[in-house]
Amino acid sequence: MSARSGGAAEPAVAPRPDGAGAGTSPDFGRLTEPHRRELHVHCYRMLASFHEAEDAVQETFLRAWRGRESLVDSAGVRPWLYRIATNVCVDAIRRTSRRLPTTDATAEASWLQPYPDHLLDEIAPADEQPDAVAVARETIELAFIVALQVLPPRQRAVFIARDVLGWPAGEAAALLGTSVAAANSALQRARTTLSGHVPARRTDWAAPELTADERRLLAEFIEANERCDAAAAIRIAAQDIRITMPPDRLEFRGLEAIAPLIERAVGPDREGDWRLVPTAVNRMPAAASYLRRPGDSVFRAFKIDVLRVADGRIAEITTFGTLLFPALGLPPTR
């Protein structure tokens, strides 16, 4: 994402008469860097892509540096940065005209990428950093991220500000450079669109550990694949299981349709042997798979499977390629 001057004006405050704003060097880095990770999560929610969020954060800091003289009060740096980041993301969404038609269109979200849990853990909890963004489990799970992609960019931004970050109406309006009435109207439209597909706004923003079912099924999923036991893999799948594979626009629904895929992947005619490593993305259980093909001496990075568990079974698998292995700290071979 290249440096651009488009979008709404970013400065949140007027410059001081003497021109010596709080954002002048060398204070700029000290004031802005503590917010980098939470801005990355904000951009990820807006864009649904880990790498595009990285580009958006770089653009945000570039625009902030160029406008640093306008920052008068250091206490206002967080909303100022959020406004810049939101404008960057809105610009990016408008450039690509990229939206999903429905909240059930995971297969069409070709830009979707997972988000490593260990990076979410870098955001200080609220009791240590009162203004840090809370990372609720429900508001970072893949289904939530996909649902947001249905909304137009400004509705998406105000929904995140109000119902995820918990900002008051006035601050959400300032984020978009609009009136409170217009922001509230956009929020109502967003809530109506997403009704029944995303969690209601909460005050308990804990991100709990994996449940016992999730831990058990992840272990059984890994064991079944490494043993090349197709029957075991099928036993832990829900009857209405769904598999999608971003960026490929592929979707498979129902155990009857998916069982042959499992047989081909881990049955007698498989491409090779598997080694799986447990990992965690989007506060969901996941496994990174390595494949050793016939004649090869090492297991090579192949895919990441993110599991959604419901009623003691694997209800959904979202399969990604190897692009996020480095961000997860995973080596290319084992």
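Below are the figures for this structure:
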item	result
Cα-based shape type of the stretch 246-301, given that a ≥ b ≥ c are square roots of the gyration tensor eigenvalues and the cut on a/c is 1.5	oblate
5 angstrom amide H check on Leu324, placed H, neighbours 5+ away	none
Amide N proximity, the stretch 144-167 versus Gln188 label position 7 Å along Cα-to-Cβ, cut-off under 14 Å	none
Label-point gap, in nm, between Glu263 and Arg215 - each point 7 angstrom along Cα→Cβ	3.6 nm
The stretch 244-334: relative contact order in percent, alpha carbon pairs under 8 Å with at least 6 residues between	22 percent
Relative contact order of the chain, pairs being alpha-carbon contacts under 8 Å that are 6 or more residues apart, as %	15 percent
Nitroxide proxy distance, nm - points 7 Å out along Cα→Cβ at Thr333 and Glu33	3.6 nm
Estimated vicinal HN-Hα couplings, Hz - the stretch 322-334 in sequence order (Karplus 6.51, -1.76, 1.60; Gly, Pro = x)	9, 4, 8, 4, x, 5, 8, x, 9, x, x, 9, 9
The chain: calculated mean residue ellipticity at 222 nm from DSSP helix runs of at least 4, using -39500 (n - 2.57)	-11500 deg cm²/dmol
Volume per residue that the Cα convex hull of the stretch 27-194 spans, once the total is divided by residue count, Å³	112 Å³
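Coordinate-derived values only; no laboratory data. The structure presented is a predicted model; accordingly, all values stated were derived computationally and were not measured. Ideal geometry is used to build each Cβ from the backbone, glycine not excepted, and the neighbour counts take in all protein chains shown.
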